[in-house]
Structure formats: C-alpha cells, structure tokens
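The values are calculated or read from the model by the stated rules, or taken from the named source; none is laboratory data. Every value quoted in this text rests on a predicted model; they were computed, and no experiment measured them. Ideal geometry is used to build each Cβ from the backbone, glycine not excepted, and the neighbour counts take in all protein chains shown. Surface areas here come from the heavy atoms of the whole protein model, side chains and all, with no ligands, DNA or RNA. Shrake-Rupley method; radii C 1.70, N 1.55, O 1.52, S 1.80 Å.
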Amino acid sequence: MAFALGFGWNAQYAEERLGNILLSDFEGHELSVEGRVTALPQSGLDGAKFAFAVDKAMKGQQIIDQFPQRIYLSWQPAWRNPQNIPSIIPGQRWRLKVKLKQPYGTLNPYTFDFERWSFHQNFGASGSVRSGVLLEAQDIGLMEFELRMELARWHLRKKIQNLLPSDARYVGVIIALVMGDQNAIDQQDWRVFNATGIGHLISISGLHVTMLAGVGAFLAGFIWRRRNFPLLIPVSKLAAIAGFLTAFVYAWLAGFQIPAQRTMYMVGVVCFALWMGRNPRSFDIWWWALLMVLLIDPMAPYTPGFWLSFGAVAAILFAMGNSSGLLGIPTGKELEVHWTNRTLKALQEACRVQAVVTLALLPFTLYWFYQVSIVSPLANALAIPVVSYVVTPLAIAGALLPDFAGRWLLLGAHFSMEYLAQLLHWMANWKWAVVWQQQPHWYVLLLSGVGILYAIKPGDLSENWRSRSAALCLLIPLFIRFDIAPIAPGEFNATVFDIGQGTVVLIETASKKILYDTGPTQGKKDDAGQRILLPYLQGRGINQIDRMVISHSDSDHIGGANTLLKHIEFSSMMGSLPSTNPLLENLQSKKVPSIPCRYGQHWIWDEVEFYIWHPHEQFLFEKEYSRKPNEMSCVLEVRNKTTSFWLTGDVEKQGEADIVDRLTQTMLSQIGNRELIFMAPHHGSKTSSSEDLLRRLMPDHAFAQNGYRNRYGHPHPTVTARYEALDIPFLQTPKTGAQIWNVRKDQNKRFHRLHWREGEKRLWHRDINH
C-alpha cells in the first residue's frame with residue numbers, strides 16, 4: 001500500500017509538471033504575458049532573472065488558453081545601458097513582451113542539467129523579456145504567505161546591501177548566511193570555499209535554524225514564566241511552540257532549502273512529541289523529517305543538499321547513539337565531575353562528531369563534486385566556530401535590528417568573514433589542498449558505505465580501533481580510477497559535446513587525449529570551460545591532456561581555453577592562430593609548447609593515425625590571417641583501421657576547395673572503405689558543406705554542434721537538405737545531446753554511438769563488402 005501511494009503521488013507530481021510545458025507552436029514568437037513576479041530575483045549589472053506566474057498570455061490579439069502557469073525569464077539590459085532594467089520585486093504585476101522556448105539546456109555527462117532543474121522548479125518555459133509595463137507595484141493577497149515571505153527576503157537583501165559598503169567583497173556571503181541567497185557570491189570565492197571544504201557553511205545550515213529556534217524558545221520561556229502563565233500552559237510546551245514557529249518563519253526566509261526544511265520538521269516532531277507526552281527516539285525524528293521532505297518535494301533526492309544534510313545527521317545519530325554526556329552536557333553522576341573534565345570530554349566528542357561527518361559525507365562529496373579537500377579538517381576547525389558563532393549571529397542580528405544598530409553588526413560580520421577568507425585563500429593555494437577524482441561507480445559507493453558504517457559505529461574507540469582502521473581500507477577504491485571499458489590500442493573514443501553554439505570534441509586513445517577546441521564564452525565571467533568541460537573532465541578524473549588543438553581564433557572555439565589552463569595540465573598545443581592572440585602568451589607563460597597547424601602534419605598514437613588537411617603547408621603564427629579566420633581552420637582527421645573521423649572547425653567554401661584539391665585518388669585510397677564520420681563545417685552554415693567536398697568524401701554519418709534555436713539559423717535548411725539528398729544521416733547536438741562515439745577496430749562492429757539526450761546506445765554494423 002505504501003508503495004502504491006508513493007508511486008501515485010510521484011506520478012501526479014510528474015504529470016502536473018509535464019502538463020505545464022510550453023507548446024512548440026509558440027516557441028520563438030513574440031508573446032504578451034501578464035502576471036506577477038513570484039520569487040526573489042537574481043539581479044546584477046548583466047540584468048535580472050526571475051520566476052513569473054502567468055495569469056494571461058496572448059499572441060497578437062489571440063488569447064492562448066493552454067499556457068504554462070510558471071515561466072523563467074531573463075531581462076538583460078540594452079547595450080551599455082544597464083539602467084534600462086527596472087527593479088524587479090516579488091509581488092509586482094507586469095505586462096511583458098517576451099520570446100519563449102521550452103525548457104532547454106545543454107546535456108552532457110557530469111554537468112548541470114537545466115531541464116531537470118526547470119522540471120523541479122515547475123518552469124514550463126524560459127525566455128527573454130523584450131519590454132514591459134509595470135501594472136501594480138504590489139499585488140499580494142492577504143493569505144499569500146509564500147509570496148509575502150519572498151517580498152520580505154527581497155527587503156532583507158536590499159537592507160544588507162545598503163548597510164554594507166558598495167565595495168564590500170563578501171556581501172554575497174553575508175546575504176547567503178542570513179537568507180540562503182548565494183547568487184551574489186563570486187565564483188573565485190566559491191573556488192576557495194570548496195577547496196577548503198567549508199562550502200557547507202556558506203548557506204543556511206541546520207545549525208543556523210536550530211540556533212534561531214533555540215533563541216525563540218528561550219525568549220518565549222523567559223517571558224512566559226514571569227507571571228502565573230505557566231499555570232495555563234507549561235513553559236516547556238510554550239517554548240517548544242515558539243521554537244517551532246521561529247524555525248518555520250526562518251526556513252521560509254531562507255528560501256525553504258532542504259537543510260532548513262529538514263531542521264524545521266525535526267523541531268516540529270520534537271514539539272509535537274512534547275505536547276503529546278511522548279519521548280521519540282532520535283531516528284524516529286529523522287525518519288519523520290525525511291518523510292515530510294519527500295512528500296512535499298519528490299525531486300529532492302536529485303539535489304546534493306538532500307544527501308549531505310540527511311546523511312550528516314544520520315551519521316551523527318548512528319555514531320553517537322550511546323554517547324553519554326554528548327558535548328559535555330552533564331547527566332547523573334557526571335554532575336559530580338569537575339568542569340575541566342567535562343570540557344575535555346565535550347572537546348573529544350566534538351572532534352569525534354566532526355570526524356564522523358567528514359567520513360560519512362566523503363562518498364557523497366566525491367559523487368556530486370568529484371573532489372576531496374585535504375585541508376578540510378583544519379579549515380573547518382577554524383571556520384565552524386567563526387562562521388557559526390560569530391559571523392552568522394552578527395549577520396542575522398544586523399539584518400533584523402534597526403539600521404543604526406544593524407549597520408555596525410553587519411560590519412562586524414563582514415570584518416570577521418574577510419579575515420577568515422584571507423586565511424582560507426592561503427590554505428586553498430596549497431598544492432595538495434584538493435584531490436580531484438572521478439565520480440565513483442555505484443559498487444564503489446556501496447563498498448565504501450559498508451566500511452564507513454563499521455568505522456563510525458557507536459562504542460569506545462579505544463576498544464576496537466584496529467578493526468575500525470581496517471574498515472577504512474574499504475574507502476581506498478574511492479580514490480582509484482576505474483575504466484569499465486578501457487580503450488584498446490587501435491581504437492579511440494570521440495566525445496562530441498553538446499556545447500551550444502561552439503565546438504568541442506575530446507578524442508581518447510589507449511593512453512593519449514586530444515581536445516579539439518574549447519567552446520564558447522558566455523557573458524563576461526562564464527565560458528564553456530567553466531560550465532561544461534571542467535566538470536566533465538573532473539567527473540572523469542582527467543587532469544592531463546596531451547594536446548590542445550585550436551581550429552581558429554573565433555570566441556566560440558577558443559572561449560574555454562584559459563579556464564582549462566588553470567586546472568588541467570596540457571603537454572602541447574597545435575592551432576591556427578594569429579601571433580597576437582592572448583592564448584599564445586598564456587601558453588608561453590605556462591611553458592606549454594605551441595606549434596602551428598599545417599597541411600601534411602601526421603602522427604600516430606596507440607596505433608591511431610592523426611592527419612592535418614588544412615590550412616596550407618606554409619602557415620605560421622602570423623600577425624594577421626591571409627584569409628578570414630574561418631578559412632584558416634585547422635582540419636584534423638583521426639583514423640584507425642575501420643573508421644575515419646573528421647574535425648573541420650569553421651572552414652568554409654574556399655578552404656573546402658583546397659581540401660578537395662588535396663583529396664586526390666591516392667589520398668582517398670588511404671581512407672579506403674573506412675566508415676567516415678564528418679563534422680559539418682561552421683556548424684552547418686550555408687557557406688560551408690559544399691557539395692564538391694561531400695561528394696568527394698561521401699560521409700557515412702555527419703554531425704553538427706550548434707545552439708538550440710540559435711540566432712544564426714544553423715544548420716541552414718539548404719545544408720540540411722544537401723545532407724538528406726546525399727542520404728547522409730545528419731545528427732545535431734540540440735537533438736542528441738552529447739554524442740559519444742566508441743570506435744572499434746573490429747570490422748564487423750565498427751563503433752557504438754551513445755546519444756546523451758536520448759539515453760540510448762546504438763550499435764551500428766557495417767559489412768566490409770557493402
């Protein structure tokens with residue numbers, strides 16, 4: 001019965017969201033929508049992003065009946081004029097001109113899944129705002145508690161921003177500690193927090209909610225016991241109610257994140273048990289909180305916060321189950337023990353709790369973030385007291401008290417955080433501070449879980465420390481790289497990333513790796529290296545690449561290079577770049593050898609051949625290209641005994657004509673009857689994929705990397721029709737997601753192809769005599 005109820009509840013949850021998706025007929029059209037801002041927006045110099053509840057939608061003069069109830073909008077400023085963006089506040093009613101699309105994001109292994117996030121948040125469409133008219137400054141009903149909480153969060157954030165100096169670096173951290181909004185934290189600061197293992201502190205943790213609930217209970221009890229009120233309701237029961245209400249309000253102010261939810265429900269269970277005269281076991285409280293979270297949010301297990309929050313508390317409850325005098329609270333005979341002994345015992349138990357949490361969360365940390373901070377125990381020993389007992393109380397008090405007092409408290413919180421961050425930055429720069437490791441497989445997680453359960457089990461550590469230490473050996477596989485399907489000599493894998501409007505392909509042989517291009521930039525601080533390539537490489541446990549090949553200097557091919565050079569070791573670089581390109585200077589500063597890409601270059605790695613077809617033999621790193629950059633693209637062929645895989649960059653008709661001239665019968669005979677997989681040049685633009693080149697090569701398969709509904713119209717309809725007319729299957733990454741080609745040396749099973757979006761592996765057979 002429980003299974004049937006759970007299945008039905010989840011099915012209803014999914015059905016509701018799947019019915020909230022924008023119809024494809026309305027994608028890309030200018031629509032008029034009327035509704036309200038329903039959540040705290042993300043605001044900055046680059047515009048605002050916000051949730052919008054739609055009450056009315058129109059296309060021209062036609063009212064749209066079937067339309068998503070909730071959409072995600074981005075309102076970006078006109079060129080060089082951020083003042084064009086009005087202040088977006090929860091509760092405002094707007095009439096907006098928008099262009100929408102169904103929830104869509106690039107889909108690659110180990111990277112952020114925007115579509116899953118949109119499903120979780122119940123966004124039926126995403127898009128951009130063209131213009132808008134403010135209809136009402138505040139349209140919030142009397143009983144709309146959630147929207148009133150979002151408005152309170154906006155005022156709280158605004159207050160903190162106004163009271164701290166405009167150049168305060170850690171204002172984003174203060175806001176995150178008070179109300180859970182982490183969007184203003186700089187990515188460089190996140191790198192430091194994650195490298196030192198204190199990222200869990202820079203959010204609303206259960207400790208913060210518990211602390212405030214305790215303050216609320218104490219104040220209520222203090223007031224209630226002043227007169228004869230306890231004769232009406234016992235102080236303990238009234239204090240429990242006050243503590244729960246405090247936790248409830250603060251959990252909403254904190255954005256109702258999973259750690260805050262979990263703590264609020266646990267406080268609620270304790271409160272209910274106290275009123276009913278029950279004495280629940282610790283794990284009963286944990287189970288009830290877990291049930292409530294899953295009932296309200298069935299998608300919660302798809303977030304790391306769920307596993308880290310519930311996992312940490314479960315580990316503490318399990319490991320410290322029979323610990324007497326936990327954290328030095330005297331019970332029974334311990335009242336007779338001297339305070340110094342109680343303090344020492346409290347310190348010992350606090351260290352044990354920290355060790356238990358660190359061990360218990362190790363598999364989860366590796367699974368979700370692919371890294372382990374070696375300096376984490378030391379960093380947390382310093383940061384936990386400062387953040388939990390200095391920065392957070394000062395920040396919360398400063399945000400809630402009047403401005404004249406709150407300003408000084410917030411300045412004190414920021415001052416403390418600033419000095420702590422300097423120490424953390426120093427520790428994060430230690431060479432051995434972080435160990436990157438591939439995402440562990442399920443059987444490794446299971447094995448390590450068994451070892452952790454035995455190692456942290458309750459009991460005196462001195463009695464069975466040898467067996468506990470032996471159990472920790474089961475964690476060793478977490479740090480070993482396992483290749484389920486190792487690449488044999490003469491075979492190679494090609495990962496064609498779903499990168500948007502840009503190019504990135506990773507070629508792997510038995511012992512070597514080549515990265516062809518590094519994808520596009522996105523805004524001032526974001527690029528494909530940060531968003532997609534680095535998470536993928538870290539999830540695979542790849543920290544060294546033998547050669548970077550840059551096809552040419554366009555930003556959609558070179559955008560992620562500098563980010564990757566900060567984190568990945570490259571042995572060499574080959575490319576088609578002008579000598580003035582900053583990447584060459586960056587490579588030189590890191591002592592990475594760079595050579596120009598030229599026709600005729602050829603090398604063999606692990607019985608796999610690499611051949612350069614373009615540009616011309618005399619190409620150098622010149623100050624200026626002799627042609628436009630696209631025409632100088634580095635064209636690379638990767639071949640083994642069964643397959644020829646072509647990477648063409650943005651080469652256009654003039655460069656393609658040069659390649660056709662080089663493809664003499666002698667050169668074509670070298671390719672022979674291999675299966676030919678061909679990258680459509682320039683993302684399938686109408687200036688590329690000439691019929692002469694396609695007829696000369698006659699690819700068996702072709703693919704294009706382009707953005708979903710991109711403004712360039714790639715691939716062009718005439719190019720798509722050309723591939724169809726020649727009976728060449730034409731795969732596009734917006735439809736397939738990342739494509740993973742496993743090229744074999746067996747003539748009867750030449751390759752596997754996995755489409756990440758379809759989640760389906762296709763095995764292609766081709767008879768050598770066909």
Inset, instruction - Please give the number of the condition Tyr72 fails out of (1) without any contact (Cβ under 8 Å) to a residue 24 or more places away in the chain; (2) outside any loop (DSSP other than H, G, I, E, B); (3) of a type outside the set (A, V, I, L, M). - result: (1)
Legend entry - Gln182 vs. criteria surrounded by 14 or more Cβ atoms within 10 Å (Cβ to Cβ) and over 17 Å from Trp252 (Cα atoms): no
Legend entry - Within the stretch 475-503, considering residues that are part of a helix (DSSP H, G or I) and in contact with a Ser or Thr (Cβ under 6 Å, 6 or more places away or on another chain), the one farthest from Ala704 (Cα to Cα): Leu475
Legend entry - Failed condition for Arg227, given (1) surrounded by 18 or more Cβ atoms within 10 Å (Cβ to Cβ); (2) of a type in the set (Lys, Arg); (3) farther than 20 Å from Arg153 by Cβ: (1)
Legend entry - Options Pro402, Pro377: the member that is in contact (Cβ under 8 Å) with a residue 12 or more places away in the chain, out of contact with any Leu (no Cβ under 9 Å at 6 or more places or on another chain), open to solvent by 30 Å² or more (accessible area, probe 1.4 Å) and more than 19 Å from Ala176 (Cβ to Cβ): Pro377
Legend entry - Count of residues meeting criterion [under 22 Å from Met548 (Cβ atoms) and either surrounded by fewer than 17 Cβ atoms within 10 Å (Cβ to Cβ) or modelled with pLDDT under 85 (or both)] in the stretch 624-666: 1
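State whether the residues of the stretch 130-150 include one that is exposed (fewer than 15 other Cβ atoms within 10 Å of the Cβ), under 27 Å from the mean Cα position of the chain (by Cα), of a type outside the set (Asp, Glu) and under 30 Å from Pro734 (Cβ atoms).
No, the stretch 130-150 has no match at all.
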Inset, instruction - Would you check which residues across the stretch 672-700 are part of a helix (DSSP H, G or I) and open to solvent by 10 Å² or more (accessible area, probe 1.4 Å) and list them? - result: His682, Glu691, Asp692, Arg695, Arg696, Leu697
Inset, instruction - Scan the stretch 415-424 and give yes if some residue there is of a type in the set (D, E, K, R), in a helix (DSSP H, G or I) and within 15 Å of Tyr170 (Cβ to Cβ), otherwise no. - result: yes
Inset, instruction - Within the stretch 442-454, identify whether any single residue is over 30 Å from the mean Cα position of the chain (by Cα) and modelled with pLDDT of 90 or more, and answer yes or no. - result: yes
Inset, instruction - Could you list, in sequence order, all residues of the stretch 646-671 that are within 24 Å of Gln732 (Cα to Cα) and either in a loop (DSSP other than H, G, I, E, B) or among the hydrophobic types (A, V, I, L, M, F, W, C) (or both)? - result: Trp646, Leu647, Thr648, Gly649, Asp650, Val651, Glu652, Ile659
Legend entry - So Pro259, is it touching a Leu at 6+ places or on another chain (Cβ under 9 Å) and surrounded by fewer than 16 Cβ atoms within 10 Å (Cβ to Cβ): no
Inset, instruction - Tell me which residues, restricted to the stretch 631-655, are farther than 19 Å from Pro596 by Cα and of a type in the set (Asp, Glu). - result: Glu652
Inset, instruction - Would you check which residues across the stretch 45-67 are more than 16 Å from Gly124 (Cβ to Cβ) and in contact (Cβ under 8 Å) with a residue 60 or more places away in the chain and list them? - result: Asp46
Inset, instruction - Could you please let me know if Val37 is touching a residue at least 60 places away in the same chain (Cβ under 8 Å), in contact with a strand residue (DSSP E or B) (Cβ under 6 Å, 6 or more places away or on another chain) and β-branched (Val, Ile, Thr)? - result: no
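Do we find that Asn710 is assigned to a loop (DSSP other than H, G, I, E, B), modelled with pLDDT under 95, of a type outside the set (Lys, Arg) and within 27 Å of Thr518 (Cβ to Cβ) in this structure? If you could, list the steps in order and put the result at the bottom.
On the way: assigned to a loop (DSSP other than H, G, I, E, B): yes; modelled with pLDDT under 95: yes; of a type outside the set (Lys, Arg): yes; within 27 Å of Thr518 (Cβ to Cβ): yes.
Yes; evaluated as a whole, the condition is true for this residue.
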Inset, instruction - Could you check Phe244 against (1) modelled with pLDDT under 90; (2) farther than 20 Å from Pro393 by Cβ; (3) not β-branched (Val, Ile, Thr) and say which number it fails? - result: (1)
Legend entry - Unmet requirement for Asp284, which otherwise passes all of (1) modelled with pLDDT of 90 or more; (2) charged (D, E, K, R); (3) under 30 Å from Val375 (Cα atoms): (3)
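Is at least one residue of the stretch 754-764 in a loop (DSSP other than H, G, I, E, B), open to solvent by less than 30 Å² (accessible area, probe 1.4 Å) and at pLDDT below 95? Working first, answer last.
Applying the first criterion (in a loop (DSSP other than H, G, I, E, B)) to the stretch 754-764 yields 756-759.
Still in the running and open to solvent by less than 30 Å² (accessible area, probe 1.4 Å): none.
Taking every residue of the stretch 754-764 in turn, none turns out to be in a loop (DSSP other than H, G, I, E, B), open to solvent by less than 30 Å² (accessible area, probe 1.4 Å) and at pLDDT below 95.
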Inset, instruction - Would you mind finding the one in Glu656, Glu675, Glu607 that is without any contact (Cβ under 8 Å) to a residue 40 or more places away in the chain and not basic (Lys, Arg)? - result: Glu656
Legend entry - Candidate set from the stretch 447-486 (those that are touching a residue at least 40 places away in the same chain (Cβ under 8 Å) and under 29 Å from Val505 (Cα atoms)); member that is surrounded by the fewest Cβ atoms within 10 Å (Cβ to Cβ): Ile484
Inset, instruction - Kindly provide the set of residues from the stretch 1-34 that are touching a residue at least 24 places away in the same chain (Cβ under 8 Å), exposed (fewer than 12 other Cβ atoms within 10 Å of the Cβ) and either closer than 23 Å to Phe256 by Cα or among the β-branched types (Val, Ile, Thr) (or both), ordered by number. - result: Glu16
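Output yes when any residue across the stretch 417-424 is within 30 Å of Ala319 (Cβ to Cβ) and surrounded by 15 or more Cβ atoms within 10 Å (Cβ to Cβ), and no when none is.
yes
Sort through Ser282, Ser236 and tell me the only one that's among the hydroxyl-bearing types (Ser, Thr, Tyr), touching a Leu at 6+ places or on another chain (Cβ under 9 Å) and over 28 Å from Tyr454 (Cβ atoms).
Checking each option against the conditions leaves just Ser236.
Conditions tested, residue by residue: (1) buried (at least 23 other Cβ atoms within 10 Å of the Cβ); (2) over 30 Å from Tyr170 (Cα atoms).
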residue	(1), (2)
Ser205	yes, no
Ala240	yes, yes
Leu253	no, no
Cys271	no, yes
